[in-house]
Amino acid sequence: MTSRTRASAPDPVTGAPVTEALMTGAPATDAPGPRWRWTLADCWTMTRRGFAHWTRRPGQVIVGLVFPVMMLLMFAYFLGGGMTVAGGGDYRDFLVPGMFALTMAFGVDSTMVALTQDISKGVLDRFRAMPMAQSAVLVGRSVLDLVQSAAGLLVMIGVGLAMGWRWHGGTGDALYAVGLLLLLRLAMLWLGIHLALVARTPDMVQAVQILIWPIGFLSSVFASPRDMPAWLGTLAEWNPMSATAAATRSLFGNPGWEGSSWAARHAELLAVAWPLVLLAVFFPLAVRRFRRLGA
């Protein structure tokens, strides 16, 4: 019976140690366990690889945290002075939850670029040749991204509180709102992973990521769809980001936009349904595309 042993080898990109399987076969006799344990171990190894990249490139992480804060401050103080909220209320209370939702689209391009760099440098081919769980590469990347997204959301919440924003609901509603935001991020992430696997090169990602911006700005993040032309307002109302923004405003007890459309009256339902639909579409597409990379 062959055994599966593990050793530490340098990462192809950073030179950091990466635990990898060296021989195929059954689990090692000194670490018996079902297959799912090896899968979890592989996923954790790939996540640790991402953490190692962070320690060697902290500037990229800092920029990812600071950029949404700059956007929030710019729209709140430079452009928000003349904005009004239907039914009254402070525009900052309207803006901050919307910026939380928009932040869930920021930084996806960095994950896309990192993935395409691994493809162009042959790193993914090496991982695919190893006796490791193939899902570990993408799952590790998604876990790493969610950790960074959660950290960025905490920073944004802290900045919002410093600006005078407050939530007026209970702790349970606030945690539910955070969960909806991270669910949207997860859906946007797998959309980005699929696009990165299609693009394959960092240069192509720069072109593809431009498509993310219209999705963010054609929403209720900055203004009510009622103030837009009818056709544009309809598109904004059905935007997945609008659903999450409206749902989080309601859960935080902040002023929002009132509409008579089905999308406006069922924002919380759409805030769950849209990300699940995106995941149902792009998760299997990304997995299939990843399996066909070497074909």
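The values are calculated or read from the model by the stated rules, or taken from the named source; none is laboratory data. Predicted, not measured: the structure shown is a model, and the values here were computed from it. So basically every Cβ, Gly included, is an ideal-geometry build from the backbone, and we count neighbours across all protein chains shown.
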Six or more apart or on different chains, Cβ under 9 Å: which pairs go from a residue in the range 99-115 that's over 21 Å from residue 180 (Cα atoms) and of a type in the set (Phe, Trp, Tyr) to one that's buried (at least 24 other Cβ atoms within 10 Å of the Cβ) and at pLDDT 85 or above? Could you list them? none
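Under the condition of being in contact (Cβ under 8 Å) with a residue 40 or more places away in the chain and assigned to a helix (DSSP H, G or I), which residue from the range 243-267 is surrounded by the most Cβ atoms within 10 Å (Cβ to Cβ)?
Ranking the candidates gives 244 first.
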Among the residues of the range 216-234, which ones are under 21 Å from residue 278 (Cβ atoms) and surrounded by 16 or more Cβ atoms within 10 Å (Cβ to Cβ)? 216, 218, 219, 220, 221, 225
Any residue in the range 73-92 that is at positive phi sitting within a Cβ distance under 9 Å of a residue that is at pLDDT 75 or above and surrounded by 12 or more Cβ atoms within 10 Å (Cβ to Cβ)? List the pairs, counting only those 6 or more apart or interchain. 87/255; 87/256; 88/255; 89/254; 89/255; 89/256
Report whether or not residue 59 is part of a helix (DSSP H, G or I), small (Gly, Ala, Ser), at pLDDT 65 or above and surrounded by fewer than 14 Cβ atoms within 10 Å (Cβ to Cβ). yes
Test for residue 283: is it at pLDDT below 90, within 30 Å of residue 137 (Cα to Cα) and part of a helix (DSSP H, G or I): no
For a quick check of your reading of the model, give me the residue pairs whose first member lies in the range 133-155 and is of a type in the set (D, E, K, R) and at pLDDT below 90, whose second is surrounded by fewer than 21 Cβ atoms within 10 Å (Cβ to Cβ) and in a helix (DSSP H, G or I), with beta-carbon atoms closer than 7 Å and at least 6 apart or on different chains. 141/50
For the range 82-109, name all the residues that are out of contact with any helix residue (DSSP H, G or I) (no Cβ under 6 Å at 6 or more places or on another chain) and of a type in the set (S, T, N, Q). 84
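For the range 153-172, indicate whether the set of residues that are hydrophobic (A, V, I, L, M, F, W, C) and within 29 Å of residue 291 (Cβ to Cβ) is non-empty.
Step one: filter the range 153-172 for residues hydrophobic (A, V, I, L, M, F, W, C), giving 153-157, 159, 161-163, 165, 167.
Still in the running and within 29 Å of residue 291 (Cβ to Cβ): none.
No - not one qualifying residue is present in the range 153-172.
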Which of the residues belonging to the range 215-237 are closer than 14 Å to residue 188 by Cβ and in a helix (DSSP H, G or I)? 215, 216
